[in-house]
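Trainee: Mind looking over this structure? Questions follow.
The values are calculated or read from the model by the stated rules, or taken from the named source; none is laboratory data. Bear in mind the structure is a predicted one, so any value in this text is a computation, not a measurement. All Cβ positions, glycine included, derive from the backbone under ideal geometry; neighbour counts span all protein chains shown.
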Amino acid sequence: MFLKSYHFLVMFLCLMAVSLQSCLKDTCEGTNTFIEHIPIYKTLDEIRTNVTMEGSQEMVNAGKLYFYNDYIFINEIREGIHIIDNSDASNPQNIGFIRIPGNVDISVKDNTLFADNYIDLLSIDISNPQLPVLLNRAEDVFSSLSLDEDLGHLVYYEPTERTIEIPCSDPRWNNGFFFENGDVFFDANTNVPTANNVEGGATRTGIAGSLSRFALYDCFLYVIDRERFINVFDVKSTSSPELINTVEVSWGIETLFPYQDKLFIGSQSGLFIYDNSTPSEPTYISEFQHARACDPVFVKGNIAFVTLRDGTFCEGFINQLDVIDVSDILNPSLIESFPMDNPHGLSIKDNNLLLCEGTHGLKVFDIENVEDIPNNKIDHIKGFDAYDVISLPNRNVALVIGKDGLYQFDTSDPRNLKELSVLSVNR
């Protein structure tokens with residue numbers, strides 16, 4: 001009797017579920033926000049154009065930040081590199097622009113600037129930054145997303161947000177993505193793959209921001225490729241880098257931070273630590289997992305500072321600073337997590353942490369006591385946008401890049417930063 005009643009109940013619930021589902025399909029309608037991603041193809045002729053030095057240009061879509069020998073290099077996303085003479089931090093001079101299609105990241109060793117050019121790696125002599133000279137083009141060392149015989153390499157997707165009305169009966173309902181007329185529509189909370197989108201050792205190198213995907217260590221250049229791999233280049237001869245190794249790490253890796261003989265890799269799911277004592281062959285040591293979010297990292301001593309933030313690209317819903325003990329490199333452990341507004345890039349000078357908070361500006365924390373960081377905020381500069389920062393060694397200057405432009409601050413008194421100069425972004 002019990003079994004018959006049980007089977008009847010199950011059948012009844014199933015019929016009700018089907019009936020309700022049928023009704024919903026007939027009547028309901030939903031509004032989904034999708035990001036339409038238009039595929040951008042480039043032929044080899046469009047990729048391998050002549051690298052030219054042009055006159056100074058306004059920054060419009062500023063990207064990565066790099067400092068070398070009193071010069072600041074600022075990436076104009078997928079367009080090239082602004083060169084700023086910063087011999088006087090209170091009066092920086094925009095002296096020129098290197099036109100490099102598809103450029104996203106940069107690094108410098110011994111007066112040679114390395115820059116990605118979609119699928120190629122360029123070596124550019126900047127002994128005279130006002131007259132850069134292309135030395136070498138390493139071809140096909142980065143992956144494109146696909147290759148079409150007629151259109152060329154699919155190098156990235158151009159996002160355009162659209163709100164679409166989709167009825168429940170539509171197969172696209174509640175899908176993470178779908179295709180339509182050659183474009184890809186991703187749900188607004190879904191990450192999208194991109195193409196090629198930090199210093200140590202004994203050679204003369206510059207300083208990268210904490211969002212860098214390029215890293216130099218000794219005579220080797222590391223570059224994140226397709227958010228999953230690290231390409232290792234031998235750059236003993238800076239004029240002719242050689243791709244010698246590709247290391248698979250994990251999907252969603254974003255940033256590189258070499259420290260001593262370790263390589264700290266920030267990803268959307270955690271912090272990966274690799275042994276770099278044999279620089280040509282970095283090997284996995286350990287990892288620290290966290291909630292899904294964007295993940296820049298900065299390391300000092302036995303402490304790793306990791307920022308996690310929300311946003312469409314990051315897929316996360318948290319904004320916090322994680323402080324991680326890496327003294328036991330095989331077993332990194334969380335010391336504490338501290339809530340933040342919208343943390344991005346970070347840098348450390350002495351015992352002071354400079355933290356970019358997006359539209360909330362720049363914060364400075366005394367980190368002598370890492371377990372009580374929120375109660376040791378010593379300065380907060382508001383009224384501008386900040387997403388990455390470089391604290392210059394041996395001088396009291398911090399470079400801060402954001403949607404508003406390049407800001408420089410005097411950090412001689414970390415409790416009262418003073419603005420030195422601004423180069424605005426014209427959006």
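Residue-by-condition table, conditions (1) at pLDDT 95 or above; (2) surrounded by 21 or more Cβ atoms within 10 Å (Cβ to Cβ):
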| site | (1), (2) |
| --- | --- |
| N342 | no, no |
| K363 | yes, yes |
| P374 | no, no |
| D379 | yes, no |
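Trainee: Within the range 282-297, work out how many residues are within 14 Å of I329 (Cβ to Cβ), touching a Gly at 6+ places or on another chain (Cβ under 6 Å) and part of a loop (DSSP other than H, G, I, E, B).
Mentor: Of the residues in that region, 0 qualify.
Trainee: Additional query: Return the total of residues in the range 72-99 being under 19 Å from the mean Cα position of the chain (by Cα) and not aromatic (F, W, Y).
Mentor: Final tally of qualifying residues: 10.
Trainee: Residue pairs, Cβ under 7 Å, 6 or more apart or interchain, first in the range 408-427 and surrounded by 14 or more Cβ atoms within 10 Å (Cβ to Cβ), second in a strand (DSSP E or B) and hydroxyl-bearing (S, T, Y). List them.
Mentor: Qualifying pairs under 7 Å: Q408/S421; T411/S391; V422/Y407.
Trainee: A follow-up question, please. Among residues belonging to the range 238-260 that are at pLDDT below 95 and assigned to a loop (DSSP other than H, G, I, E, B), point out the one that is nearest to K64 (Cα to Cα).
Mentor: The selected residue is G252.
Trainee: Please specify each residue of the range 335-376 satisfying the condition of being in a helix (DSSP H, G or I) and not polar (S, T, N, Q).
Mentor: Listed by number, the residues that qualify are V370, E371, D372, I373, P374.
Trainee: I need a count of the residues in the range 262-283 that are more than 15 Å from Y222 (Cα to Cα) and among the hydroxyl-bearing types (S, T, Y).
Mentor: Qualifying residue count, the range 262-283: 2.
Trainee: Could you say whether any residue in the range 311-331 is touching a helix residue (DSSP H, G or I) at 6+ places or on another chain (Cβ under 6 Å) and either part of a strand (DSSP E or B) or farther than 23 Å from F384 by Cα (or both)?
Mentor: Looking for residues that are touching a helix residue (DSSP H, G or I) at 6+ places or on another chain (Cβ under 6 Å) and either part of a strand (DSSP E or B) or farther than 23 Å from F384 by Cα (or both), one finds at least one in the range 311-331, hence yes.
Trainee: So, in the range 407-427, exactly how many residues are closer than 19 Å to Q93 by Cα, touching a Ser or Thr at 6+ places or on another chain (Cβ under 8 Å) and of a type in the set (A, V, I, L, M, F, W, C)?
Mentor: Final tally of qualifying residues: 1.
Trainee: Can I ask one more? Only one of (1) under 22 Å from the mean Cα position of the chain (by Cα); (2) modelled with pLDDT of 95 or more; (3) surrounded by fewer than 16 Cβ atoms within 10 Å (Cβ to Cβ) fails for L330. Which number is that?
Mentor: (1)
Trainee: Kindly provide the set of residues from the range 107-119 that are over 17 Å from S237 (Cα atoms) and not polar (S, T, N, Q), ordered by number.
Mentor: D116, Y118, I119
Trainee: Residues in the range 262-281 that are part of a loop (DSSP other than H, G, I, E, B) and buried (at least 24 other Cβ atoms within 10 Å of the Cβ): how many?
Mentor: Total satisfying the criteria: 1.
Trainee: Filtering the range 146-176 down to residues that are modelled with pLDDT of 80 or more and hydrophobic (A, V, I, L, M, F, W, C), which residue is surrounded by the fewest Cβ atoms within 10 Å (Cβ to Cβ)?
Mentor: L147
Trainee: Hey, another quick one. With the requirement that a residue be at pLDDT 95 or above and charged (D, E, K, R), what does the range 267-299 give you?
Mentor: Matches in the range 267-299: D275, E281, E287.
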